[in-house]
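Only one structure is covered here, and it is reproduced in the block below.
No lab work stands behind these numbers, since they all come straight from the coordinates. These figures come from a predicted structure and were not determined experimentally. Counting neighbours? That spans all protein chains shown, and the Cβs are built from the backbone with ideal geometry, glycine included.
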Amino acid sequence: SYISDPRQTIYIIEKGNAVLWGSEISPSPPVPTATGNNAHMMYVFNRNGVCLLYREWNRPLHTLNPQQDHKLMFGLLFSLKSLTAKMDPTNAEKGNLGIPQLPGQGCSFHSFRTNTYKLSFMETPSGIKFILVTNPRTGDLRETLKYIYNLYVEYVAKNPLYTPGTLIRCELFNTALDQYVRSIA
Amino acid sequence: MSIRAYMRKPLYDSRDENSIITVMARKGMLDYGSKGCMDTNDSLRVASLWHSMHAISQQLSPTTGCSEIELLEANTFDLHCFQSLTGTKFFVVCKLGTRHMEALLKVVYKLYIDYVLKNPFYEMKMPIRCEVFDINLTQTVQKDRVALLGR
């Protein structure tokens, strides 16, 4: 079934998902250079710390139960952002450690690497945080995360059946995300 | 293009869990002037925060065998960290994209062993006040800078 409105945009509502007809996603994705699954898992949080999405593709080790895992991840990111804002050597004006920073305020980190994984992070101006955990040899994933954010905007934010601040249950978003992540190096 | 590095070394003995004593050795703010400076209390807080973050990042690892955060990339700086077998962590904050920081950290570790640990007057877990260590550290960072930039 479809609904057409006077602005000549057509929404197709199917299986509880609404997709804007004929929309284009920009920026265009980086050229895929590898096949196979390189990503371990992905988290999406909103500004209040609610985990909107958790996708797992390859995670042999589960240390904690899901709720604790999400809380720990959010806490880690909060502390790391606080740390980088404080440690920023180019900025003379720094607040105290632990003050909540607005999105875009102060220096923020975009990735860290350990010997077993690399975590890439992106925060949007609205406070939505995208975290992608991949193998340690992955390159800079900032463009990738921007593309995933655009997928989120198209399939989730523009979905009239989705309530902001709740768990993302959009099948089309999940499918598009899986397909895209499979193609990144 | 210049190396802007300043050394920040929190020393924490991870074997001793009852007394968390963070020891700081701060050295040479090259090029940044006073903008990047932190007072001692803030340094201690940053060091403790960094140590906790190491531990948390190990818990969140998708595979086994995670030991440490090696590199943190931020918008205006990079942070390289090296952890010795005893859990002592050395980290250096440098300009975006600076390479060979891991080698520098290993050299600093050797200096630490030679001038601090082998110093009979140095007490474990106290702040480092060894002049020879400071001199050699400054020299190493200067040499590193010259080697990479030719000035």
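Remark: A:F45, A:F78 ranked as A:F78, A:F45, counting other beta-carbon atoms within 10 Å and listing the fewest first. Listed by Cβ neighbour count within 10 Å, with the fewest neighbours leading, B:H100, B:H51, A:H62, A:H40 appear as A:H62, B:H100, B:H51, A:H40. For region B:133-144, the Karplus equation 6.51 cos²θ - 1.76 cosθ + 1.60, evaluated at θ = phi - 60°, returns couplings of 4, 4, 4, 5, 5, 4, 4, 4, 5, 5, 4, 4 Hz by residue, with Gly and Pro reported as x. Projected label points at A:Q68 and A:L102, each 7 Å from Cα along the beta carbon direction, are separated by 3.7 nanometres.
Can you pull the mean other chain C-beta count within 10 Å for peptide A:58-67? Each step should come with its number before you reach the end.
Working: counts 2, 3, 4, 8, 1, 6, 2, 0, 0, 0.
Whole-number average of other-chain Cβ neighbours for A:58-67 is 3.
For peptide A:125-136, the mean count of partner chain Cβ atoms within 10 Å of a residue's Cβ comes to 1. A Förster radius of 25 Å combined with the Cβ-Cβ distance from B:L117 to B:Q142 puts the calculated FRET efficiency at roughly 0.60.
Place the peptides B:117-126, B:64-73, A:156-165 in order of packing, highest mean first, counting for every residue the other Cβ atoms within 10 Å and averaging per peptide.
On the way: B:117-126: 10.2, B:64-73: 17.2, A:156-165: 13.8.
Ranked by mean Cβ neighbours within 10 Å, highest first: B:64-73, A:156-165, B:117-126.
Within 10 Å of the Cβ of each residue in A:74-87, the mean number of Cβ atoms contributed by other protein chains is 5. Here the Debye sum runs over all C-alpha atoms of region A:39-167 as equal scatterers in vacuum, and log10 of I(q)/I(0) at q = 0.19, 0.20 Å⁻¹ comes out as -1.19, -1.30. Our note on the geometry: Cα centres of region B:112-151 and region A:126-185, 46 Å apart. Across every pair of non-identical alpha carbons in region B:90-151, the mean reciprocal distance, once inverted, gives a Kirkwood radius of 12.7 Å.
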